[in-house]
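What follows is calculated from the coordinates using simple rules that are stated; it is not laboratory data. Worth saying up front: this structure is predicted, and the values here are computed from it rather than measured.
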Amino acid sequence: MRSIIALFMILCCTAFSLVVDSSLPAKALSAGEGEFLPILIAVERPGRVEILATARQVPMSHRRNWATAELRKLSDEHQAPVLRELARMERAGDVRNIRPMWIGGSIALDVSATAFDRILQIPKIAVIADNSPAKLVQAAFESIRSERPFAPADAMAVTDAMNQVKAPQAWAMGIIGERVIVAVLDSGVRYTHNELVNRMWMNSGETPGNGSDDDMNGFVDDYHGYDFVNSNGDPWDDYGHGTNCAGLVAGDGSWEYSTGTAPGAQIMALKVVNHTGWGQPAHVSWAVQYAVDMGAHVLSISLGWSDPSDAIKNYFRVIFEDVLAAGVIAASSAGNGSGSGGHFPAPRDISAPADCPSPWQAGASSNTAIVAVGAMNIGATEIANFSSLGPTHWDTETYTDFPHPPGLMKPELTAPGTNVQTTSHFGDASYTSWFTGTSASCPIV
């Protein structure tokens, strides 16, 4: 195995723009014999800035198809030499599970710890991020796995959170999210729930349960979405967090309680975290790409990396620049501070990808699809004490548009996030009033 000095010299002599996750060299040096490291690569893509700028001029009716075609072609071109080198390493037994994506110019793979230094020397790589599992979803204070009945404040069975954001007034004007597809990237969805069963997106090109990839999109039986954790077409919720979030998007009140702000929307269920709330960046990336390819208009992302490394920050900023180019927007939970009622010091409190500049952020060298959402107390206007606070910062090797101080103001929006009433995964007629955290706030917007 290479010494610490050797790895340090390789890093120092590598192209200036390469951002390497700070945890990876140490993991490579301490790994056991035959151990592989899960990593994510983002390749350099000259010409991407011009595509992002041109996409803004393309009519929205054509923007998704135009942008994804151009970005796919660009990624294919610049990933090709990197993939050739990875294929050589794969034949030597140093690399396995190579999975390229067009979004972000990404490549997920596992590399032998003894060959990690060779990855650092491959030209045209911009980011190398750690793809190890991390705890991505966790409600603040109250358990998301608890079931608790509730009685809404009014006789029309509209929940307190919906009344607080004046959702009934929007519904009365016909604003219900009809024909809008919302991709919920989470722990899956209990898609048989009485408040959600009529709101689930259905892939018209797929016949459910026949074991075939009918629409030839690379995913078998992806009728309501996909399970990227277990690589199958059944995004069933075995944790609860995703069903809580889905109810706040589109719980339509057809059974008992109106829990969702957009009761006419369709929910695309994309499972990216497991039954304990852990997930990997690659699963999130695949789900984002799937959502864009399959026509989602909005992404709801109630998860994130706390106190993220520069590599994770840069990686997801590139991803969500591509998402914005396709005309898609993403709401992302700001985070629950340090997770124990405290906060990381500024500018480290906002989670990734919520720390990315918004679509309308002035002064950004590049905008992204991300809108960060913080939590306010139910029935009040003050920010909840656990809700992550800005500013965040962008002073990495690649992005220097928002150094701290003063940094980038975050979050952009807030919504109710304490003891929020919503659907539960325990049964088809199950609800909870204990959902707390910015994870609850995010799907409301």
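What is the Cα centroid distance between the range 277-356 and the range 58-96, reported in whole angstrom?
Here the two parts' Cα centres lie 21 Å apart.
Let me know the shape class of the range 4-132, please: from the alpha-carbon gyration tensor, a ≥ b ≥ c as square roots of the eigenvalues, rounded when a/c is under 1.5, otherwise prolate if a/b is greater than b/c, or oblate.
Details: a/c = 2.62, a/b = 2.05, b/c = 1.27.
Taking the square roots of the gyration eigenvalues as a ≥ b ≥ c, the range 4-132 is prolate.
Take the alpha-carbon centre of the range 380-437, take the same for the range 197-211, and report the distance between them in whole Å.
31 Å
Top mean-square fluctuation among Arg56, Arg190, Arg84, Gaussian network model of the chain, C-alpha springs under 10 Å?
Answer for the Gaussian network model of the chain: Arg84.
Excluding residues on the same chain fewer than 8 positions from Lys410, give the lysines whose Cα lies under 23 Å from its Cα.
Lys135, Lys313
How much mean residue ellipticity at 222 nm does the chain get from its helices, if each DSSP H run of length 4 or more adds -39500 (n - 2.57) and you divide by all residues, to the nearest 500 deg cm²/dmol?
My calculation for the chain gives -8000 deg cm²/dmol from helical runs alone.
Which of these, His404, His393, His283, has the largest mean-square fluctuation under a Gaussian network model of the chain (Cα springs below 10 Å)?
Looking only at His404, His393, His283, the biggest GNM fluctuation is shown by His404.
For the chain, modelled as a GNM with alpha-carbon contacts under 10 angstrom, which of Glu412, Glu321, Glu195 fluctuates the most?
Glu412
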